[in-house]
1. Probe 1.4 Å, all protein chains in place: accessible area of A:Cys9 in Å², nearest 10?
2. Per residue of region B:375-387, what does 6.51 cos²θ - 1.76 cosθ + 1.60 with θ = phi - 60° give for ³J(HN,Hα)? Whole Hz please, x for Gly and Pro, Karplus curve as stated.
3. Can you list residues whose amide H is under 5 Å from B:Val150's amide H, if they're 5+ apart or on another chain and H is modeled 1.01 Å from N?
4. Any idea what the dipole of region A:3-81 comes to, in debye rounded to 20, about its Cα centre with Lys/Arg Cβ at +1 and Asp/Glu Cβ at -1?
5. For region B:335-351, list whatever residues lose no less than 10 Å² of accessible surface once every protein chain is in place, relative to that chain by itself, with the probe at 1.4 Å.
6. Let me spell out the model: positive unit charges on the Cβ of Lys and Arg, negative unit charges on the Cβ of Asp and Glu, origin at the Cα centre of region B:282-370. What dipole size does that give, in debye rounded to 20?
7. Please identify, among A:Leu38, A:Leu50, A:Leu14, the residue showing maximal mean-square fluctuation in a Gaussian network model of chain A using a 10 angstrom Cα cutoff.
8. Pull up the DSSP beta bridges for region B:303-418 and report the antiparallel fraction as a percent, rounded to 5.
Amino acid sequence: MTTENFAACIATALRRIAPEIDLQDIAQDEDLREECELDSMDFLNLLADLKKQTGISIPESDYPQVRSYNQLISYLQDHHQ
Amino acid sequence: MESNQTSPNLIDITMPALGADMRDGTLIEWQVKRGDKVAKGDIIAVIETSKGAIDMEAYHDGTITELLVEPIIKLPVGSVMARMTATGTEPQVATSPALGTTDSTTATGKQTPADTRQADSPPTVRVERHPYLARHPSALVQPSPSRQLVSPAARLLASQQGIMLSGLTGSGPNGAILLRDVPAKPEQHARHDIKDKSSSMRQAISDAMSMSKQQIPHYYLALDIDLSIAKAWLKQLNQHREPEQRLLITAVIIAAIAHQLPRYPALNGSCHDGQFVPSKAIHIGNTISLRDEGLVVPAILDADQRNLEQVMASLREITERARRGRLRSSELTSATITVTSIGERGADSLIGVIYPPQVAIIGLGRLRKAPIVSNDKLCVGDVMTVTLSADHRVSDGLTGSRFLTALAKQLQHPEDLL
């Protein structure tokens, strides 16, 4: 999968969780949860959705590695086989 | 306002109440006509309320005999809208759960809560996010295969402009009629509708909270609860779980509250005109933010009968449905106590305003790192300030304080909640 694919996956997942968010408007190196106003339940749903789409399950211990949008993209790329 | 029966089998269909903050609703459209046979649970009308569009269901099997009002009409809660003859065997509960009859014990004193909910077979509430509907059709739950799908905003606009929905072609998923399909609609007009909608939600919250502060003599307690053990336990538990199976600390706290509450009946129930009726059932309302459109407070029903996994599943499910799906009216009307949470990145403590006719609300602050004194030694722990606002007509600070202490104790043994 390419960066574009992962970006599309995140966009799809966020559309279900926080439809009002325009990913163009968020600061991509800032805290994703703050940028998108995701609470812990939303974040969990985001990860569940991403797992469904990409097969990549992000463990709780790796949460610090996926704080920003850009970090999340890199994480998905790094863990994709 | 229990069953307004006019003859043994003739039943009034009334405007349902979906909480203390609902005064009226607007009948937008009948989905049935005179003579139609309906089954319990069939959608008979669409109502617009400050909580979103409601699919109002029939409470019985039977035949519609009269439609007494024509759309579009704003009606106070409890107004008779139509009549039907029931062919079912249980015509005793004719109306929707109204404010004041939400608790089974206040309603009849006979039924168990489960019975009441079944008999009520309440309308389904769709809290739809109007501005996004067109772009995100996946968020829609299809009501029934045969019914024309119409977004509430489109329905309202068409009604206001006197346009028949049947004459329109929908461009949404499954041919759903969306706002953009309703002709001759200047763009700013649509925005105006949305603004009206959210200000009506604000007005509803304002009404309920003003009423609460004017009528309920609140007392307030706060306790810093050490959640270091619970957090560490949860971390270990979640480590090997997939995202969809992980548990949140909020669920642990709600489960603990549910398990402790039966011992504190003065905090769980409803109070009408100063008369308190404790509830055996424990239905915990959870405030869920609809982001830019206010709040809804759906309840986890019979929370004390559920283990932690089940509480989490319920919480996940009602959050999801509140945000983008449908809530059932029983979930909006039957809470016996409310839990409100500021979230992980919010303030240290949150002191709630009681949601009438309930008598207590529990506020969960942010889970934070804080100094803890343990065995005369200072260490760093995970602390949450948990507050209780309760009705002083019903309970005293001592009771509330015992409850918070018991909750703190229970939370030192989260494994008991599984």
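1. Looks like 10 Å² after rounding.
2. Using θ = phi - 60°, the values come out as 6, 6, 10, 8, 9, 9, x, 9, 10, 10, 7, 10, 10 Hz.
3. Placed amide hydrogens put B:Ile177 under 5 Å from B:Val150.
4. On the way: 6 positive and 16 negative charges, 96 e Å.
Around 460 debye, computed over region A:3-81.
5. So the qualifying set is B:Glu344, B:Arg345.
6. Working: 12 positive and 10 negative charges, 57 e Å.
Roughly 280 debye, rounded to the nearest 20.
7. So, out of A:Leu38, A:Leu50, A:Leu14, the one fluctuating most is A:Leu38.
8. Numbers: 12 of 16 bridges.
If we restrict to bridges inside region B:303-418, about 75 percent are antiparallel.
The values are calculated or read from the model by the stated rules, or taken from the named source; none is laboratory data. Nothing here was measured: the structure is a model prediction, and the numbers come from that model. Methodologically, a virtual Cβ is constructed for each residue, glycine included, from the backbone with ideal geometry; neighbour enumeration extends over all protein chains shown. Keep in mind that these areas ignore ligands, DNA and RNA; they rest on the heavy atoms of the full protein, side chains included. Shrake-Rupley method; radii C 1.70, N 1.55, O 1.52, S 1.80 Å.
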